[in-house]
Amino acid sequence: MPGVFKMTEIVGTSNKSFADAAQQAVKRASKTLRDLRWFEVTDMRGAISEGQIFEFQVTLKVGFQLEE
């Protein structure tokens, strides 16, 4: 995989799970960033209300190849 790559940080959210939050983040990023190659989860957190988790949040670094 020779070439030059860039990494950027994004945050995904979901009311279902951490995995769904990550999937939603990658799905949305792929609409704007071409040639996504990998991701790295750097942080996981959530929001609580009335003793219940109501939002999962995942911070991801995503890598993509720069165009020639």
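Bear in mind that the values in this text are calculations on the coordinates, not laboratory data. Please read these numbers as outputs of a predicted model, since none were measured by experiment. Quick reminder, even Gly has a Cβ in these numbers, built from the backbone with ideal geometry, and neighbours come from all protein chains shown.
Structure data summary
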quantity	calculated
Tabulated pairs, segment 47-68, first polar (S, T, N, Q), second assigned to a strand (DSSP E or B), C-beta under 6 angstrom, 6+ apart or interchain	Gln57/Thr13; Gln57/Arg45; Gln57/Gly46; Thr59/Val11; Thr59/Thr42; Thr59/Asp43; Gln65/Phe5
Unique match (being exposed (fewer than 12 other Cβ atoms within 10 Å of the Cβ), among the acidic types (Asp, Glu) and either at positive phi or out of contact with any strand residue (DSSP E or B) (no Cβ under 9 Å at 6 or more places or on another chain) (or both)) among Glu40, Glu68	Glu68
